[in-house]
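Every number here is computed from the coordinates shown, using simple stated rules; none is lab data. Bear in mind the structure is a predicted one, so any value in this text is a computation, not a measurement. Don't worry about glycine lacking a Cβ; one is built from the backbone with ideal geometry, like all the others, and counts go over all protein chains shown.
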Amino acid sequence: MNENSDMENTMQWYAMRDLKRRNAKLPAYKMFEGMGMECFTPMVQRLTVIKGKNEEEVVPFMQDLLFVKETRERLDLIVERTPTLQYRYKIGVRHTPIVVRNADMERFIKAVKSTNNPKYYSPDEITPDMRNRRILIIGGTLDGYTGTLVTTRGSKVKRLLVELPTLLAAAVEVQPEYIQLL
């Protein structure tokens with residue numbers, strides 16, 4: 001058995017694109033959940049006007065970004081029969097889908113779920129000064145996490161920046177007593 005077929009039969013986190021419109025009845029993340037597949041879509045609360053009233057609604061942070069943990073073989077079949085679903089490919093490498101290491105994805109999901117209000121950033125929104133204060137979290141739900149401290153001027157809230165390089169970053173709230181500067 002060659003290395004390629006081993007990769008196709010291994011459960012991995014694939015970065016995917018959902019090309020459906022924002023108001024689609026069945027976005028890809030709901031389709032995958034309905035199929036019983038592990039799926040993660042970074043969600044945010046947005047204020048929208050529905051029938052003339054302002055209502056809070058939970059929507060994807062980036063409309064076309066989701067992550068699915070599945071075998072390549074099984075995902076290929078779904079992508080073939082779903083015209084609005086695509087793999088996200090590595091830049092400059094033809095036909096090589098972006099795969100996120102299991103440990104990195106699970107770390108990211110745990111961090112995001114540890115807070116009620118994660119702040120998401122696309123790679124181009126991350127500035128060099130957001131990366132300049134390295135920290136280690138000691139204690140709490142994120143014990144052992146390392147990353148950078150993100151502070152917002154005028155806010156007492158401290159946030160840890162957790163990244164999936166080239167794809168997405170999230171700043172999650174951490175209690176000041178758990179922060180150790182590195």
- Message: Placing unit charges on C-beta atoms (Lys and Arg positive, Asp and Glu negative, everything else neutral), compute the dipole magnitude of the chain about its Cα centre in debye, rounded to 20.
- Response: 660
- Message: Using Cα-Cα distances under 8 Å and only pairs 6 or more residues apart, what relative contact order does region 1-129 have, in percent?
- Response: 33
- Task: Quick one: grab the alpha carbon gyration tensor of region 1-104, order the square roots of its eigenvalues as a ≥ b ≥ c, and give me rounded if a/c is under 1.5, else prolate or oblate depending on whether a/b is larger than b/c.
- Result: prolate
- Message: Could you identify which residue out of Ser155, Ser122, Ser114 has the top mean-square fluctuation in a GNM of the chain using Cα springs shorter than 10 Å?
- Response: Ser155
- Per the rule of 0.36 nm per residue minus the C-alpha distance, extending Ala103 to Asp124 adds in nm 5.2 nm
- Query: Between Asn116 and Val157, what is the spin-label point distance in nm, taking each point 7 Å from the Cα along the Cα→C-beta axis?
  - Reply: 1.0
- Hypothetical label at Asp64: residues of region 70-92 whose amide nitrogen lies under 18 Å (7 Å Cα-Cβ projection): 79-80, 82-92
- Task: Give the label of the value calculated from the structure for Cα Rg over 2.2 N^0.38 Å, choosing from (1) 1.14; (2) 1.26; (3) 1.04.
- Result: (1)
- Task: Kindly identify region 105-174 as rounded, prolate or oblate by the Cα gyration tensor criterion: order the square roots of the eigenvalues as a ≥ b ≥ c, call it rounded if a/c is under 1.5, otherwise compare a/b with b/c, prolate if a/b is larger, else oblate.
- Result: rounded
- Query: Considering the dipole of region 29-182 built from charges on the beta carbon (Lys and Arg +1, Asp and Glu -1) around the Cα centre, which of Pro176, Gly92, Ile138 is farthest to its positive end?
  - Reply: Pro176
- Could you list the trypsin sites (Lys or Arg not before Pro) in region 84-116 that lie in coil according to DSSP, counting only those with at most 15 other Cβ atoms within 10 Å of their Cβ? Lys90, Arg94, Arg101
- PRE zone check, label point 7 Å out along Cα-to-Cβ of Gln45, amide N under 11 Å, scope region 117-154, hits 117-118
- Could you list, in their original order, any pairs among Lys119/Lys156; Lys90/Lys110; Lys25/Lys110; Lys30/Lys113; Lys69/Lys113; Lys69/Lys158 whose Cα atoms are separated by more than 22 Å? Lys90/Lys110; Lys25/Lys110; Lys69/Lys158
